[in-house]
Amino acid sequence: MRTIHIVLVLILCLLHSACEDDPCRLVSCVNNGICVDGICDCPDGYSGPQCGIKDLCFDVNCINGNCEAGLCNCLDGYGGVDCSRTLAEIFASQYIANSDCLTGDYQVVIEESTSNNSIIIRNAGNFGANLEFIGIALSEFEWKMDSNVLDLGNGVQLSYEGNGFRNEADSSLIIQMTYWENGQSSVCIENYTIN
C-alpha cells in the first residue's frame, strides 16, 4: 500500500510540474490566435499580446492614397472610396438640368478634360451643347468655375462663374452660376440629376 501511495505522489508531482512548465497554461488568445511557447501567434489583421487589436486597414486597398483608421485618404486629384477615380471623372456624366432662371428641363453633359482635374460642362444654362464651360474639381464633392468669357457671336458675349456641389447620396449637383450678358447679370441656381 505504501508503494502505491509513493507511486501516486510521484505521478501527481510529475503532472503538477508538467503543468507548471506549460508556457501557454495561463495565456488566452482571441480572434483565432494560437498560443506558441507562451506567446499568441495572431492571424493576419490582428495583433497585440492576446490578438485583440484589429488592424482597420488590413483589407482596405487605397489605389491612389493611404489607409488611415480604415478609410482611404486620397492623394490630391483622386477620390472615391478606394481613391481609384480622378476628381473630374467623379463629376463626368449626363445630367437632366433645371434652373430657377429658366422654364423646363434641359440636358447637360459634364466631361473629364485632359487638364488636371478640369471638367467641361456642355450646355450649362441651356446656352447650347457646343458651348464649353470649364470647371475645376476641388474635391469629390465640390468644383468651381472661374470667371470666363464666351463669344456667342453677333457681338454677344457671355461671362460666367460659379460653384458646384455634389450630393453624395444620389450624385446630383447643385450649381450657382452668375451670368453676365451684355452688361446685365443674373444669378441662377441649377440642379443637375444624373440621367
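Our note on the geometry: Cα centres of the stretch 46-77 and the stretch 81-155, 34 Å apart. Given the alternatives (1) 26, 20, 16; (2) 71, 14, 11; (3) 39, 23, 18, semi-axes √(5λ) of the Cα gyration tensor in Å as computed for this entry is given by (2). Electrostatic bookkeeping for Ser186 treats Lys and Arg as +1 and Asp and Glu as -1; over the other residues with beta carbon under 14 Å from its beta carbon, the sum is -4. With the highest mean first, a sort of the peptides 25-36, 82-93, 102-113 on other beta-carbon atoms found within 10 angstrom per residue produces 82-93, 102-113, 25-36.
In the chain, helices alone account for a calculated mean residue ellipticity at 222 nm of -4000 deg cm²/dmol, with every DSSP H run of four or more residues adding -39,500 (n - 2.57). The convex hull drawn around the Cα atoms of the stretch 86-194, when projected onto a plane and averaged over every direction, covers 6.4 nm².
Counting neighbouring Cβ atoms within 10 Å and putting the fewest first, the residues Cys62, Cys188, Cys24 line up as Cys24, Cys188, Cys62. Relative to the Cα centre, the charge distribution of the stretch 40-195, modelled as +1 at Lys and Arg Cβ and -1 at Asp and Glu Cβ, gives a dipole magnitude of about 240 debye.
Give the angle, between 0 and 90 degrees and rounded to the nearest 10, that separates the Cα long axis of helix 2-21 from the longest principal axis of the Cα atoms of the chain. With rounding to tens, the tilt is 20 degrees. Phi angles across the stretch 173-182 convert, under the Karplus curve 6.51 cos²θ - 1.76 cosθ + 1.60 with θ = phi - 60°, into 3J(HN,Hα) values of 10, 10, 10, 10, 10, 10, 10, 10, 10, 6 Hz, Gly and Pro given as x.
Read-outs throughout are calculated quantities, based only on the coordinates presented, and are distinct from any laboratory measurement. All values reported here derive from a predicted model rather than from experimental measurement. Positions of Cβ are generated from backbone atoms using ideal geometry, with glycine treated the same way; all protein chains shown enter the neighbour counts.
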